[in-house]
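Beneath this line is the structure, given in structure tokens, with notes to follow.
The values are calculated or read from the model by the stated rules, or taken from the named source; none is laboratory data. These numbers were taken from a predicted model, which means no experiment stands behind them. Using ideal geometry, Cβ is built from the backbone for each residue, glycine included, and neighbour counts are taken over all protein chains shown. Protein only, heavy atoms only, side chains kept; ligands, DNA and RNA dropped before computing areas. Shrake-Rupley method; radii C 1.70, N 1.55, O 1.52, S 1.80 Å.
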Amino acid sequence: MTSTHSVFVSLPSAWQEWIMDNLDRACNPLDMANSMAGSGQHSMAVARAAIDEALVLRAAGAGAAAAPQASVFVAPQQMPYIDLERNLVAAPDRVAEVLFVLKQPQIILLGNVLSNEECDAIIAHCGTRYTRSTVTGEADGSSMVHEGRTSEMAFIQRGEAEVAERIERRLAALAHWPAECSEPFQLQKYDATQEYRPHYDWLDPDSSGHRSHLARGGQRLATFILYLSDVEQGGGTVFPGLGLEVYPKKGNALWFLNTDINHQPDKRTLHGGAPVVRGTKIIANKWLRQGRYG
């Protein structure tokens, strides 16, 4: 159990000052705890305990003595996050399993996110709607075919299918992030030999082609990859700079943050879809944006 009489004073001075400043501004303590947990530097239990102690110190007039006066600190921006306090993560309609966690950069593999029936329903809904996958052109932002991405893609727009709406609400609850601050589901189908070579999901603010996409909802803060099918051989999601490969399993979801807590692109998140050797890989991507997407 975390002690509420030791956590606050054990925090770095910058975090102590941030907590006290936000309490002085009458910020909601739960929102503050969510921001601390979303930064990836503290668990929700530590955040809540520290804020509880700060409230006691502040009420007793000890806040000024406890918090440093000469620290310069820019508060972290709000981030989506998955609560890792337990090995099971509850959404309103389903309980997912935490199977794997890499802390820096944050990559989490969740099991039991979708049922077999939901995976099949999403695949059936898209049917034969697939077209050749494209990438965003860095020069003008247009969609273009690229030799590094040989899969086929299909989209499910918001409000188009009940099963997709249900899954979107579930992901929003797991990520503590509004559904409207995300892009529509993008399905990708990989047959044998098809792949997506290593790339970033974040949008490059220095690229003129990406700026128009940034204007529609801000940066892509996080990614969900939903595995809708099992694959006999190959088709893993690879992070070459980390020596990590995650193999597809129907119903699982891979989550990773694309930026740091200040919403700046994280180059450690380079990843790709390895070629499928046998079978067919179908995934659904869900990208979480800074603001309302539209």
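Name, by its number, the condition in (1) surrounded by 15 or more Cβ atoms within 10 Å (Cβ to Cβ); (2) under 25 Å from residue 123 (Cα atoms); (3) in contact with a Ser or Thr (Cβ under 9 Å, 6 or more places away or on another chain) that does not hold for residue 156.
(3)
Would a scan of region 114-126 turn up a residue that is part of a loop (DSSP other than H, G, I, E, B) and modelled with pLDDT of 95 or more?
First pass over region 114-126, keeping only residues part of a loop (DSSP other than H, G, I, E, B): 114-115.
From what is left, the residues that are modelled with pLDDT of 95 or more are 114-115.
Yes, there is a match, as at least one residue in region 114-126 is part of a loop (DSSP other than H, G, I, E, B) and modelled with pLDDT of 95 or more.
Would you be able to tell me the number of residues in region 274-284 that are part of a strand (DSSP E or B) and buried (at least 17 other Cβ atoms within 10 Å of the Cβ)?
Of the residues in that region, 5 qualify.
Which one of these is β-branched (Val, Ile, Thr), open to solvent by 30 Å² or more (accessible area, probe 1.4 Å) and either in contact with a helix residue (DSSP H, G or I) (Cβ under 7 Å, 6 or more places away or on another chain) or closer than 23 Å to residue 254 by Cβ (or both): 131, 193?
Details: 131 fails: either in contact with a helix residue (DSSP H, G or I) (Cβ under 7 Å, 6 or more places away or on another chain) or closer than 23 Å to residue 254 by Cβ (or both).
Of the residues listed, the single one that is β-branched (Val, Ile, Thr), open to solvent by 30 Å² or more (accessible area, probe 1.4 Å) and either in contact with a helix residue (DSSP H, G or I) (Cβ under 7 Å, 6 or more places away or on another chain) or closer than 23 Å to residue 254 by Cβ (or both) is 193.
Of all residues being part of a helix (DSSP H, G or I) and closer than 16 Å to residue 78 by Cα in region 22-31, which is least open to solvent (accessible area, probe 1.4 Å)? Just the residue, please. Give the steps one after another, and end with the answer.
So in region 22-31, the residues part of a helix (DSSP H, G or I) come out as 22-24, 29-31.
If we keep only those that are closer than 16 Å to residue 78 by Cα too, we end up with 22, 29-31.
Values: 22: 13, 29: 57, 30: 91, 31: 92 Å².
My answer is 22.
Evaluate the following for residue 195: is it among the acidic types (Asp, Glu) and over 22 Å from residue 275 (Cα atoms)?
Values: among the acidic types (Asp, Glu): yes; over 22 Å from residue 275 (Cα atoms): no.
For residue 195, the condition - among the acidic types (Asp, Glu) and over 22 Å from residue 275 (Cα atoms) - is not met.
Restricting attention to region 260-273, does a residue exist that is assigned to a loop (DSSP other than H, G, I, E, B), open to solvent by less than 10 Å² (accessible area, probe 1.4 Å) and of a type outside the set (Lys, Arg)?
no
Checking the structure you have, find out if any residue of region 287-294 is under 26 Å from residue 169 (Cα atoms), modelled with pLDDT of 95 or more, among the aromatic types (Phe, Trp, Tyr) and over 18 Å from the mean Cα position of the chain (by Cα).
no
Counting only residues that are modelled with pLDDT under 90 and either open to solvent by less than 40 Å² (accessible area, probe 1.4 Å) or in contact with a Cys (Cβ under 9 Å, 6 or more places away or on another chain) (or both), how many does region 76-100 have?
1
Limited to region 103-112, what total is found for residues that are open to solvent by less than 50 Å² (accessible area, probe 1.4 Å) and either without any contact (Cβ under 8 Å) to a residue 60 or more places away in the chain or more than 13 Å from the chain's Cα centre (by Cα) (or both)? Lay out the reasoning, then the answer.
Within region 103-112, the first condition is being open to solvent by less than 50 Å² (accessible area, probe 1.4 Å), and the residues that meet it are 105-111.
So of that shortlist, the ones also either without any contact (Cβ under 8 Å) to a residue 60 or more places away in the chain or more than 13 Å from the chain's Cα centre (by Cα) (or both) come out as 111.
Number of matching residues: 1.
Look through region 200-254, keep the residues that are in contact with an Asp or Glu (Cβ under 6 Å, 6 or more places away or on another chain) and not in a loop (DSSP other than H, G, I, E, B), and return whichever of them is nearest to residue 264 (Cα to Cα). First the steps, then the outcome.
Of the residues in region 200-254, the ones in contact with an Asp or Glu (Cβ under 6 Å, 6 or more places away or on another chain) are 207, 209-210, 220, 223, 236, 238, 250.
Filter again for not in a loop (DSSP other than H, G, I, E, B), leaving 209-210, 220, 223, 238.
Values: 209: 18, 210: 14, 220: 10, 223: 15, 238: 22 Å.
Among them, the one singled out is 220.
Could we say that residue 199 is touching a strand residue (DSSP E or B) at 6+ places or on another chain (Cβ under 9 Å), at pLDDT below 95 and closer than 14 Å to residue 136 by Cα here?
Working: touching a strand residue (DSSP E or B) at 6+ places or on another chain (Cβ under 9 Å): yes; at pLDDT below 95: no; closer than 14 Å to residue 136 by Cα: yes.
Against the criterion (touching a strand residue (DSSP E or B) at 6+ places or on another chain (Cβ under 9 Å), at pLDDT below 95 and closer than 14 Å to residue 136 by Cα), residue 199 does not qualify.
Being of a type in the set (Gly, Ala, Ser) and surrounded by 20 or more Cβ atoms within 10 Å (Cβ to Cβ) narrows it down to one of 182, 207, so name that one. Spell out the reasoning first.
On the way: 207 fails: surrounded by 20 or more Cβ atoms within 10 Å (Cβ to Cβ).
Unique residue meeting the criteria: 182.
Which count do you get for residues in region 163-196 that are more than 15 Å from residue 228 (Cα to Cα) and assigned to a loop (DSSP other than H, G, I, E, B)?
Result for region 163-196: 8.
Taking residue 141 as meeting all but one of (1) at positive phi; (2) of a type outside the set (Asp, Glu); (3) touching a helix residue (DSSP H, G or I) at 6+ places or on another chain (Cβ under 6 Å); (4) without any contact (Cβ under 8 Å) to a residue 60 or more places away in the chain, write down the number of the exception.
Every condition holds for residue 141 apart from (4).
Of 35, 10, which residue is of a type outside the set (Val, Ile, Thr), open to solvent by 30 Å² or more (accessible area, probe 1.4 Å) and in contact with a helix residue (DSSP H, G or I) (Cβ under 9 Å, 6 or more places away or on another chain)?
Working: 35 fails: open to solvent by 30 Å² or more (accessible area, probe 1.4 Å).
Result: 10 is the single residue among 35, 10 that is of a type outside the set (Val, Ile, Thr), open to solvent by 30 Å² or more (accessible area, probe 1.4 Å) and in contact with a helix residue (DSSP H, G or I) (Cβ under 9 Å, 6 or more places away or on another chain).
If we scan region 46-54, do we find a residue that is buried (at least 18 other Cβ atoms within 10 Å of the Cβ) and either outside any helix (DSSP H, G or I) or aromatic (Phe, Trp, Tyr) (or both)? Reasoning before the result, please.
Of all residues in region 46-54, those buried (at least 18 other Cβ atoms within 10 Å of the Cβ) come to 46-51, 53-54.
When the remaining residues are screened for being either outside any helix (DSSP H, G or I) or aromatic (Phe, Trp, Tyr) (or both), the result is none.
Checked region 46-54: no residue is buried (at least 18 other Cβ atoms within 10 Å of the Cβ) and either outside any helix (DSSP H, G or I) or aromatic (Phe, Trp, Tyr) (or both).
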